[in-house]
Amino acid sequence: MTKFLLSLHVLAAIVAVGPVTVAASMFPPSARKALAEPDSERAVSAVRLLHRICRVYGGVGIAVPVLGFATAMSMGVLKDAWLIVSMLLTALAAMVLLALVLPRQEEILEGIGGTAVDTRTTARLAMFTGMFNLLWATVTILMIVRPGSTTGA
């Protein structure tokens, strides 16, 4: 059962977190282009699509910690420091996405429709997106290196 849960956990991470990190990273430069060319339906559509990807796959991403928790329980490692740190960083990444990235994406989308958007908004969004991606990269490294691993890797 552990291998099955671990497989689902890894697949969920790839399928859910991967698209969010890529789409979120592509959003700020695409938004700058759409803000510079508000009449370009292609540029505006691209920004809307990237935001939708972030929202939908961000929601699907809840499966990653749920399956991770189930896997950790099955492995008996719930009290291991590397796992606790990973869970805290995952929660922090979710907070960054929900409180800092998605609201600013929505603000920019509204700005494309007419209200002025300060160029610092896209810069801040890029910074928050970088934080989100760095948190996930750190969690990924902890999942691979995990101190005390018995895999010999």
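Observations on the structure shown:
- Computed over segment 51-150, relative contact order equals 36 percent, with contacts defined as Cα pairs under 8 Å that lie 6+ residues apart.
- Value of Rg to Rh for the chain, rounded to two decimals, is 1.07; Kirkwood radius and Rg both from alpha-carbon coordinates.
- Debye-sum result for segment 46-95 in log10 I(q)/I(0), which assumes one identical scatterer on each alpha carbon, at q = 0.20, 0.29 Å⁻¹: -0.72, -1.07
- In degrees, nearest ten, helix 102-112 long axis to first principal axis of the chain (Cα): 20 degrees
- Angle of helix 2-12 to the longest C-alpha principal axis of the chain, folded into 0 to 90 degrees and rounded to 10: 10°.
- Using alpha-carbon coordinates, inclination of helix 63-75 to the longest axis of the chain, degrees: 10 degrees
- Cα-Cα separations in segment 71-126 greater than 13 Å, expressed as whole percent: 68 percent
- Cα centroid separation - segment 1-34 against segment 103-141, whole Å: 16 Å
Laboratory data are not the source of any read-out in this text; all were calculated from the coordinates shown. Being a predicted model, the structure only gives us computed values, none of them experimental.
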